[in-house]
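No value in this document is a laboratory result; all are computed from the given coordinates. Computed from a predicted structure; not experimentally measured. Here the Cβ positions follow ideal geometry from the backbone for every residue, glycine too, while neighbour counts run over all protein chains shown.
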Amino acid sequence: MRLRWTLLAVGCLVAVGIGAHFVESRLLFPAPPRPAQPPALDGSVEHTWLETTGGRVEAFLLPAESTASGPRPLVVYAHGNGELVDSWLGEFEPLRSEGVSVLLVEYPGYGRSSGSPSERSIQGALAAGYDWAREKPLVDPDRIVGYGRSLGGGAICALGRVRSLAALVLESTFTSIRDIAADRFGVPGFLVQNGFENLAFVSHYTSPVLLIHGVDDPLVPAVQARRLADAAPAAELDLEKCGHGCSGQWPLILSFLGRHGLLH
């Protein structure tokens, strides 16, 4: 009888775990519909496909517009969970005009990229893009910066675990998905498969970190940004009067990069 109840309990836990994984995937990775047409690109943008263990993913390298000779800084940008790289191809003029190149890598299972999104597959995709761009003559390998927004902040921290990043810009970023799940939905942490443990990462990251967060963010409370700032050895926290995502922060980001020798 005891064995029967034990097996029943195990079966219930397995069922709950499977259900939680399905819900987690739907909530964490709500990829928009695949675009009907590929994006229109100007002649300067370099497009490639990267073969990764998580799938074949699309990447775009937006070169710096500066006429200065020699390798230039690179920003690796990771978007939010309900976005595609297509929407960001024209958004980095303030960086490019200041001599910074930008790398966009699509997540597995998003847009035209194959595979399924997960913390591990996204980390692999960004690492593959990083390796591809790092070998370009226009990229200074010592001045590669990670910039992530919302889920992209977790993606950039995941990249930082396996590749060297000279600095981080984290916008609307959470401490971990487990914290979000527990605080907002009462879900136990052990049921979360894609933890994105950003707090643990930044606590050991000694290079500069800029945290940008909205004080009225309804999805990721600003207290999580404060916790990240308190944990990171070299963090700057900028709280803005906005919600989840604060537009028009280029002057702040450019100032941060310039003060840390990552701009010119």
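Key figures for this structure:
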quantity	calculated
Cβ charges +1 (Lys, Arg) and -1 (Asp, Glu), total dipole of region 113-226, debye	160 debye
About the Cα centre, charge dipole magnitude for the chain (Lys/Arg +1, Asp/Glu -1 at Cβ), debye	920 debye
Inter-label distance for PHE185 and SER44, nm, one decimal - labels placed 7 Å from Cα along Cα-to-Cβ	4.2 nm
Mean Cα-pair separation over length for the chain, i.e. relative contact order, pairs under 8 Å, 6 or more apart, %	16 percent
Calculated P(r) of region 54-146 - Cα pairs past 19 Å, %	38 percent
Residues listed by number, region 233-264, amide nitrogen under 15 Å from SER97 label point at 7 Å toward C-beta	248-255
Average silhouette area of the chain, convex hull of alpha-carbon atoms, in square nanometres	15.3 nm²
Cα-based Rg of region 151-197 normalised by 2.2 N^0.38 Å, two decimals	1.25
Crossing angle, helix 2-28 versus the chain [Cα axis fit, 0-90 degrees, rounded to tens]	30 degrees
Packing-based order for 128-137, 153-162, using average beta carbon neighbours within 10 Å, highest first	153-162, 128-137
Cβ charges +1 (Lys, Arg) and -1 (Asp, Glu), total dipole of region 50-140, debye	200 debye
Acute angle (nearest 10 degrees) that the helix 222-231 long axis makes with the longest principal axis of the chain, alpha-carbon atoms	70 degrees
Listed residue (PRO38, PRO233, SER121) projecting farthest to the positive dipole end of the chain, Cβ model	SER121
Debye equation applied to the C-alpha atoms of region 118-264, log10 I(q)/I(0) at 0.09, 0.14, 0.15 Å⁻¹	-0.27, -0.65, -0.75
Folded to 0 to 90 degrees: helix 250-259 orientation relative to the chain principal axis, Cα	70 degrees
